[in-house]
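Below you'll find the structure, written out as structure tokens, and then a few comments.
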């Protein structure tokens, strides 16, 4: 089953700057070959359910391995069975609707 995930991994007790930990999770997602897009408060991921969940687990393992004693994670998941839809498709749909509204002067 395909899944879209919004992942936010928060190292606890790891100091103020979290960029090294975020970069480590990004490396995990790249190594897994998953489509992903970092944003200001997390990462959007798309792929097969088992592959995404395995990558989330590896993110935890790697973040612990580089020094975070605790991790708090938020994970939002979305699936659909009526049609295929990528993360980019979702973004494009919203942008299209905004453009239509702008043209209509709304």
Honestly segment 2-81 on the Cα gyration tensor test (a ≥ b ≥ c root eigenvalues; a/c under 1.5 rounded, otherwise a/b vs b/c for prolate or oblate) is just prolate
Tell me the mean residue ellipticity at 222 nm calculated for the chain from its helices only (DSSP H runs of n ≥ 4, each -39500 (n - 2.57), averaged over every residue, nearest 500). -15500 deg cm²/dmol
Working out 0.36 nm times the residue gap between residue 88 and residue 102, then minus their Cα-Cα distance, what length gain in nm do you get to one decimal? 3.0 nm
Order the peptides 26-32, 84-90, 97-103 from the highest to the lowest mean number of other Cβ atoms within 10 Å of their residues. 26-32, 84-90, 97-103
Going by a ≥ b ≥ c, the root eigenvalues of the Cα gyration tensor, does segment 18-65 fall in the rounded group (a/c under 1.5), the prolate group (a/b larger than b/c) or the oblate group? oblate
When 8, 25 are ranked with the fewest other C-beta atoms within 10 Å first, the list becomes 8, 25
Ranked 24, 51, criterion: other C-beta atoms within 10 Å, fewest first: 51, 24
1/(1 + (r/R0)^6) with r = Cβ-Cβ of residue 60 and residue 17, R0 = 30 Å, i.e. FRET efficiency to nearest 0.05, evaluates to 0.95
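Every number in this text was worked out from the coordinates using simple rules, so none of it is lab data. Keep in mind the model is a prediction, meaning the values are calculated, not measured. We place every Cβ from the backbone using ideal geometry, glycine too, and count neighbours over all the protein chains shown.
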